[in-house]
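Before any comments, here is the structure.
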Amino acid sequence: MNSLFFKRMALIVLLGTAPSIFAESVWLSSLNLKEMTTGWSVAKADHEIAGGPLTIHGKRFAHGVGTHATSKFRVALDGNARRFTAEVGVDDSAGNQGSVEFIVSGDGKTLWDSGVLKGGEAAKSVSVYLAGVKTLVLRVTDGGDGEGNDHADWADAGIEMKDGAPPPVALPPYETFRLSTKSFAVTFQVGDDGRLYQRPIGTDDPGAKLLRDDEFYPQAGDGYIWEPALQAVHNDGNSSTALVYDGMTQTNESADIALTRAHLHDPAYPFEVTLCFRTHHDEDVIEEWTEIRHQEPGPVMLERMASTSFLLTTNVYLTHFFGDWAKEMINPITEQITPGTKVLDSKLGVRADQFQNPSFILSLNGRATETNGEVLAGSLAWSGSFQCEFDDNGQGIRALCGINPFASAYHLKPNETFVTPVMIWTWSDQGLGDMSRKLHDWARDFGMRDGHQTRAVLLNNWEATGFDFDFNRIVSLFDPAKEMGVELFLLDDGWFGNKYPRISDNAGLGDWQPNRQRFPKGLAPLAAEAVKRGLRFGIWMEPEMVNPNSVLFHEHPDWVICQPRRELELQRHQLVLDLTRPAAQRFEWNTIKSILAVPGITYAKWDCNRYLTQPGSPYLPPDRQSDLWIDYGQALYALMDKTARTFPDTELMLCSGGGGRVDYGALKYFQEFWPSDNTDPTVRVLMQWDYSYFFPSMAMASHVTHWGNRPMHFACSVAMSARFGMDLDLTKLPAQDKAICAGATSAYKQIRDVTAFGNLYRLEDPHEGYRGALDFVSQDHSRAVLFVFQLNDGQNMAVHPRGLDPARHYTIHELNPAPGRAPVPQEGQTLTGAELMHDGVVPSCAHAVEACVLELDSGSNGSLENK
Ligand code: DGJ
């Protein structure tokens with residue numbers, strides 16, 4: 001020990017001074033030893049572990065710490081220390097037994113290691129420079145032969161601080177941090193190996209031993225044997241990564257929102273990973289993503305880069321949804337996760353919801369119901385190929401979700417940051433209903449455009465005219481639309497193409513000039529006709545696509561996604577433009593710009609009628625072909641973002657040959673999505689129910705059509721429970737149907753603020769019984785709208801609304817009652833919320849394809865005097 005240090009220590013001892021901010025050298029024994037872990041008993045100041053004097057090989061020490069392997073002590077130095085010194089060895093109280101190893105490390109790096117010391121051996125001196133070290137860790141291992149008799153002494157141990165520096169402070173043995181929202185928390189802990197671990201969601205045992213299996217964001221190739229979150233091939237060909245934790249920052253973005261960034265790096269490579277979590281406190285929502293960066297001499301190949309890798313306990317039920325065109329989100333499956341790996345995925349490149357939505361629900365500790373149970377909903381904000389894996393190793397379940405590793409190895413250049421798609425998690429310990437309401441709240445604020453504006457009643461011509469229309473035919477639809485109360489007209493596919501006119505789906509995509517025969521003066525006069533009648537005007541477009549029968553394709557056959565030596569594989573007679581090619585990007589942007597800049601156009605439907613089956617880019621070099629899937633997705637989002645920013649007042653509908661692309665990655669640039677081409681209301685009841693687990697009803701476009709040939713009243717009622725619109729030839733509608741549609745239009749306008757911004761309560765699951773029922777309650781509880789959809793014959797039993805204010809008085813009023821049917825028996829009655837929720841309301845429907853929509857209105861304050 002150097003003499004200056006010794007003198008300072010002696011001075012402190014002489015004056016009997018406790019370490020203070022003036023201390024320059026501090027005995028280890030003066031720190032809070034309760035934070036030191038021990039394999040037996042508790043650490044002792046200035047004594048060996050059993051309470052006797054500190055003695056190593058016959059030499060006594062007045063100062064020091066007696067501990068017992070396995071032991072760990074963390075000390076905060078904040079970069080203010082100069083040196084750690086001590087004499088270490090097995091205390092003589094162990095006789096000639098015991099064997100230990102002393103390790104000194106700073107900020108995750110080993111600074112000194114004693115090697116194995118045995119009982120009866122002389123003390124070993126340690127003197128370690130600590131310049132810049134923030135956290136000092138002193139460890140004692142069992143020397144590899146078990147903990148018996150491992151009485152270990154840090155004798156004469158002291159820390160020399162910089163002049164005037166504050167004293168060191170003992171820290172809890174493990175660094176932890178938590179993500180917490182109103183009713184949810186996840187705890188992370190740094191292990192002895194410097195790696196970051198996570199306490200499994202669903203356990204609350206902070207003392208449980210950490211296993212390697214519990215590593216958070218585990219990496220392939222360095223001892224982790226289950227499904228990894230990250231798999232990278234470094235520039236030297238090494239396919240393993242080993243990340244240690246560096247620290248984290250937490251910043252409040254608002255009173256409700258905090259951003260946590262946890263930093264990790266691989267000590268063997270200039271390779272860094274930042275795990276990012278944005279918590280929304282009141283909504284119990286966590287947005288999670290990962291940022292990856294390196295400074296290696298050349299590209300690093302990212303083969304897997306999950307957005308999330310949360311760990312859960314076992315006994316978890318997974319609900320997921322599969323479908324197909326016209327059957328989107330209609331098949332919920334709930335199954336217990338069992339040992340092995342369950343995979344939900346898409347390999348289609350551009351349409352995440354084609355067969356499987358990238359959203360799911362995990363119910364912990366058994367199946368959840370609408371009102372009970374712990375549930376975690378996950379939704380990946382990515383429209384491309386995704387993979388969600390639930391890897392159950394019998395001890396716990398890891399939920400991995402992100403870009404599908406399938407064919408997507410990504411070349412990450414030095415100094416570029418790869419940002420994974422955002423995973424959106426929502427928690428509830430009160431069942432599925434509460435979970436959805438919180439996610440809807442988040443979505444209105446952050447998941448979609450204009451989540452706080454009501455939507456217009458829309459008339460679309462697609463089901464009415466198909467490709468068969470011209471200027472006069474379209475204009476002929478405007479007056480009846482206006483009379484009906486429609487506010488927005490949407491002109492669908494078929495308005496463009498000259499050399500290759502778009503009169504069927506086999507030509508014209510790519511040639512975005514209005515067809516001169518149909519619209520000799522372009523679209524502006526048509527939009528003007530609509531605007532003149534008080535209608536807004538919207539337009540269909542499919543900017544990502546091209547038909548081989550187009551001028552564009554003939555001029556630029558190399559602009560399409562295709563593979564060498566393969567015959568072009570067409571879907572709906574079309575191909576996908578290669579958005580990795582800057583010229584194609586510019587073309588698509590110019591197309592969008594020129595369409596949306598037409599005066600009078602304030603709405604657009606962005607369609608996408610095929611997915612990728614031949615993933616090759618004539619633009620990308622041969623060794624970068626696997627970047628296509630990701631580069632395409634990112635270029636697409638850049639285009640959508642630019643569109644939303646350049647046309648802030650133009651509403652956008654996200655459509656993809658029905659609901660092939662419904663996810664929060666794209667939805668943030670759109671006001672709404674088209675759930676499915678299937679508008680049969682008996683099917684829509686199920687689909688809209690399932691979409692509502694994740695998406696607010698105001699985001700779901702629901703149009704009245706003749707699909708399924710259902711009664712008009714039923715079709716209108718179903719459409720009113722989402723964003724109401726019609727796709728009918730109003731000029732040909734029978735008078736009675738016209739009256740029903742007009743009644744629905746006006747009723748929808750009356751309640752749309754409640755269905756858009758209110759809280760949704762799913763009351764009776766249409767998948768399970770003969771009917772479906774749901775209600776929306778305004779945020780101030782003053783109004784509610786109750787929907788009952790009868791899918792099969794059954795008794796008209798009372799339906800029990802939820803979410804009402806028990807003390808308020810609500811008057812019952814049936815909206816747009818079905819002609820010829822008796823109104824609800826309680827029409828006009830005023831009951832308290834408590835009575836309504838307890839006794840229920842008898843609807844006016846009892847037979848298949850009948851519906852009933854009730855408004856429950858309590859006036860401004862719900863008191864009877866106001867009635
Ligand atoms: C598919 C969409 O889902 C339909 O609504 C319609 O817009 C057609 N494309 C037009 O081609």
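The values are calculated or read from the model by the stated rules, or taken from the named source; none is laboratory data. Just so you know, these numbers come straight off a predicted model, no measurement behind them. Don't worry about glycine lacking a Cβ; one is built from the backbone with ideal geometry, like all the others, and counts go over all protein chains shown.
The residue that is modelled with the highest pLDDT, counting only those in the range 617-632 that are aromatic (F, W, Y) and touching a Phe, Trp or Tyr at 6+ places or on another chain (Cβ under 9 Å), is Y619. Examine the range 370-393 for a residue that is within 30 Å of G708 (Cβ to Cβ), more than 17 Å from the chain's Cα centre (by Cα) and in contact (Cβ under 8 Å) with a residue 12 or more places away in the chain, and state whether such a residue exists. Scanning the range 370-393, I find at least one residue that is within 30 Å of G708 (Cβ to Cβ), more than 17 Å from the chain's Cα centre (by Cα) and in contact (Cβ under 8 Å) with a residue 12 or more places away in the chain, so the answer is yes.
The set of residues in the range 575-610 being away from the ligand (no atom under 16 Å from the Cβ), in a loop (DSSP other than H, G, I, E, B) and surrounded by fewer than 23 Cβ atoms within 10 Å (Cβ to Cβ) consists of T580, R581, A597, V598, P599, G600. The C-beta contact set for the range 672-689 (first residue closer than 18 Å to E850 by Cβ, second residue among the acidic types (D, E) and more than 15 Å from the ligand (Cβ to nearest atom), distance under 8 angstrom, 6+ apart or interchain) comprises W689/D765. Sort out which residues of the range 487-508 are among the hydrophobic types (A, V, I, L, M, F, W, C), in contact with a Gly (Cβ under 8 Å, 6 or more places away or on another chain) and buried (at least 22 other Cβ atoms within 10 Å of the Cβ), and write them in order of number. Scanning the range 487-508 gives F489, L490, L491, F496. Please indicate, with yes or no, whether at least one residue in the range 681-690 is closer than 23 Å to A481 by Cα and either buried (at least 24 other Cβ atoms within 10 Å of the Cβ) or at pLDDT 95 or above (or both). There is at least one residue in the range 681-690 that is closer than 23 Å to A481 by Cα and either buried (at least 24 other Cβ atoms within 10 Å of the Cβ) or at pLDDT 95 or above (or both).
Tallying residues that are away from the ligand (no atom under 11 Å from the Cβ) and part of a loop (DSSP other than H, G, I, E, B) within the range 539-551 yields 6.
Is there a residue being surrounded by 15 or more Cβ atoms within 10 Å (Cβ to Cβ) and assigned to a helix (DSSP H, G or I) anywhere in the range 186-206? No, the conditions are met nowhere in the range 186-206. In the range 611-659, what residues are in contact with an Asp or Glu (Cβ under 6 Å, 6 or more places away or on another chain), within 16 Å of the ligand (Cβ to nearest atom) and in a loop (DSSP other than H, G, I, E, B)? Across the range 611-659, the qualifying residues are C655, G658.
All of (1) in a loop (DSSP other than H, G, I, E, B); (2) in contact with a helix residue (DSSP H, G or I) (Cβ under 8 Å, 6 or more places away or on another chain); (3) at pLDDT 95 or above hold for V350 with one exception: (3). Only one entry of F489, F519 meets the criterion of being closer than 15 Å to V598 by Cβ and either within 12 Å of the ligand (Cβ to nearest atom) or in a strand (DSSP E or B) (or both), and that entry is F489.
May I ask you to list the residues in the range 162-184 that are under 23 Å from S71 (Cβ atoms) and touching an Asp or Glu at 6+ places or on another chain (Cβ under 8 Å)? A170, L171, P172, P173 - these are the residues of the range 162-184 that are under 23 Å from S71 (Cβ atoms) and touching an Asp or Glu at 6+ places or on another chain (Cβ under 8 Å).
In the condition set (1) part of a helix (DSSP H, G or I); (2) under 29 Å from W442 (Cα atoms); (3) away from the ligand (no atom under 16 Å from the Cβ), Y669 is compliant with all but (1). The set of residues from the range 271-282 being farther than 15 Å from F418 by Cβ and more than 18 Å from the chain's Cα centre (by Cα) is empty.
Tell me the residue from R572, R536 that is under 37 Å from the mean Cα position of the chain (by Cα), within 30 Å of G725 (Cα to Cα), within 16 Å of the ligand (Cβ to nearest atom) and surrounded by fewer than 23 Cβ atoms within 10 Å (Cβ to Cβ), please. Just a single option satisfies the conditions, and that option is R572. Away from the ligand (no atom under 16 Å from the Cβ), in contact with a helix residue (DSSP H, G or I) (Cβ under 8 Å, 6 or more places away or on another chain) and modelled with pLDDT of 95 or more, is that true of R437? So R437 fails the test. Evaluating E296 against the criteria (1) part of a loop (DSSP other than H, G, I, E, B); (2) within 27 Å of V662 (Cβ to Cβ); (3) among the charged types (D, E, K, R) leaves one unmet condition, (2).
Taking strands (runs of 3 or more DSSP E) as the structural unit, those lying wholly within the range 710-778 and holding at least 2 residues that are over 17 Å from V486 (Cα atoms) correspond to 759-764, 771-777.
Going by what's in this entry, would K327 be described as over 22 Å from T369 (Cα atoms), touching a residue at least 40 places away in the same chain (Cβ under 8 Å) and not in a strand (DSSP E or B)? Against the criterion (over 22 Å from T369 (Cα atoms), touching a residue at least 40 places away in the same chain (Cβ under 8 Å) and not in a strand (DSSP E or B)), K327 qualifies.
The strands (runs of 3 or more DSSP E) found wholly in the range 113-163 and carrying at least 3 residues that are under 47 Å from the mean Cα position of the chain (by Cα) and under 22 Å from A81 (Cα atoms) occupy 135-141. Going by the conditions given, is S656 surrounded by 23 or more Cβ atoms within 10 Å (Cβ to Cβ), within 25 Å of A381 (Cβ to Cβ) and polar (S, T, N, Q)? Yes: the conditions hold for S656. Here V685 passes the criteria (1) under 18 Å from the mean Cα position of the chain (by Cα); (2) of a type in the set (A, V, I, L, M, F, W, C); (3) more than 16 Å from the ligand (Cβ to nearest atom) except the one numbered (1). Across the range 244-272, the qualifying residues are those that are hydrophobic (A, V, I, L, M, F, W, C) and more than 16 Å from F177 (Cβ to Cβ), and the one among them that is surrounded by the fewest Cβ atoms within 10 Å (Cβ to Cβ) is A255. Restricting attention to the range 284-309, which residues are under 20 Å from the mean Cα position of the chain (by Cα) and surrounded by fewer than 23 Cβ atoms within 10 Å (Cβ to Cβ)? Correct list: E287, W289, E291, I292, R304.
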